[in-house]
Amino acid sequence: MAAIQLLPSEYGYVVLVLVLYSFLNFWMAGQVGRARKRYKVFYPNLYALESENKDAKLFNCVQRGHQNSLEMMPLFFMLMILGGIGHPCLSASFGILYVVSRFFYFKGYATGVPEKRLTIGKFSFLALLGLMVCTISLGVKLLRQ
């Protein structure tokens with residue numbers, strides 16, 4: 001309990017945003033599972049081969065949307081957890097922007113036209129930049145103590 005007392009009460013927003021992203025991740029995984037059935041891409045294949053499957057690009061776009069989100073998840077979580085210690089409300093706001101833009105990133109990618117992932121999805125990079133600033137600020141505060 002002592003560690004929890006060291007965190008600002010607003011840190012709860014950071015925790016809730018991380019859980020929200022986890023739900024988004026589960027939803028994306030479910031979409032990949034549905035796409036596997038629809039486009040007949042069976043395990044253990046991570047991607048469909050265009051030479052074997054006429055719908056390979058459609059499936060691969062759904063898969064990449066989720067895979068890219070998984071690749072970015074450790075960075076997002078680390079920046080949220082650390083940046084949120086010093087700036088919980090600001091970090092949670094950037095986190096919400098990240099989650100919402102990642103949803104649209106996935107939806108755009110899943111259309112089969114990869115360029116559509118960046119229509120709203122590009123704002124996830126702005127959210128990460130904001131989280132980096134929050135985390136750098138925490139690091140500077142700690143060094144000045």
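Values in this text are rule-based calculations from the coordinates and carry no lab data. As the structure is a computational prediction, the values presented were derived from the model and not from experiment. Don't worry about glycine lacking a Cβ; one is built from the backbone with ideal geometry, like all the others, and counts go over all protein chains shown.
Within the stretch 47-74, the set of residues being in contact with a helix residue (DSSP H, G or I) (Cβ under 7 Å, 6 or more places away or on another chain) and either hydroxyl-bearing (Ser, Thr, Tyr) or over 14 Å from Phe26 (Cα atoms) (or both) comprises Tyr47, Ala48, Leu49, Glu50, Asn53, Asp55, Leu58, Phe59, Cys61, Arg64, Ser69.
Looking across the stretch 7-39, just one residue is over 11 Å from the mean Cα position of the chain (by Cα), part of a helix (DSSP H, G or I) and among the polar types (S, T, N, Q), and that is Gln31. Number of residues in the stretch 75-109 that are farther than 28 Å from Lys141 by Cβ and surrounded by fewer than 23 Cβ atoms within 10 Å (Cβ to Cβ): the value is 5. Confirm whether Met72 is among the hydrophobic types (A, V, I, L, M, F, W, C), in contact with a Ser or Thr (Cβ under 9 Å, 6 or more places away or on another chain), free of Cβ contacts under 8 Å to residues at least 60 places away in the same chain and exposed (fewer than 14 other Cβ atoms within 10 Å of the Cβ). No, not satisfied. Considered as a group, the residues in the stretch 109-126 that are in contact (Cβ under 8 Å) with a residue 40 or more places away in the chain and in a helix (DSSP H, G or I) include one that is nearest to Pro88 (Cα to Cα), and that residue is Ser124.
Determine which member of the set Phe42, Phe104 is out of contact with any helix residue (DSSP H, G or I) (no Cβ under 6 Å at 6 or more places or on another chain), free of Cβ contacts under 8 Å to residues at least 60 places away in the same chain and not in a helix (DSSP H, G or I). Don't jump to the end; show me each part of the working.
Numbers: Phe104 fails: not in a helix (DSSP H, G or I).
Within the list Phe42, Phe104, the selection yields Phe42.
Only a single criterion out of (1) surrounded by fewer than 16 Cβ atoms within 10 Å (Cβ to Cβ); (2) in contact with a Ser or Thr (Cβ under 8 Å, 6 or more places away or on another chain) is not satisfied by Met132, namely (2).
Of the set (1) surrounded by fewer than 18 Cβ atoms within 10 Å (Cβ to Cβ); (2) of a type in the set (A, V, I, L, M); (3) closer than 30 Å to Gln5 by Cα, all apply to Ala56 but (3). Within the stretch 16-27, does at least one residue satisfy the condition of being crowded, with 17+ Cβ neighbours inside 10 Å and more than 14 Å from Leu70 (Cα to Cα)? The answer is yes; a qualifying residue exists.
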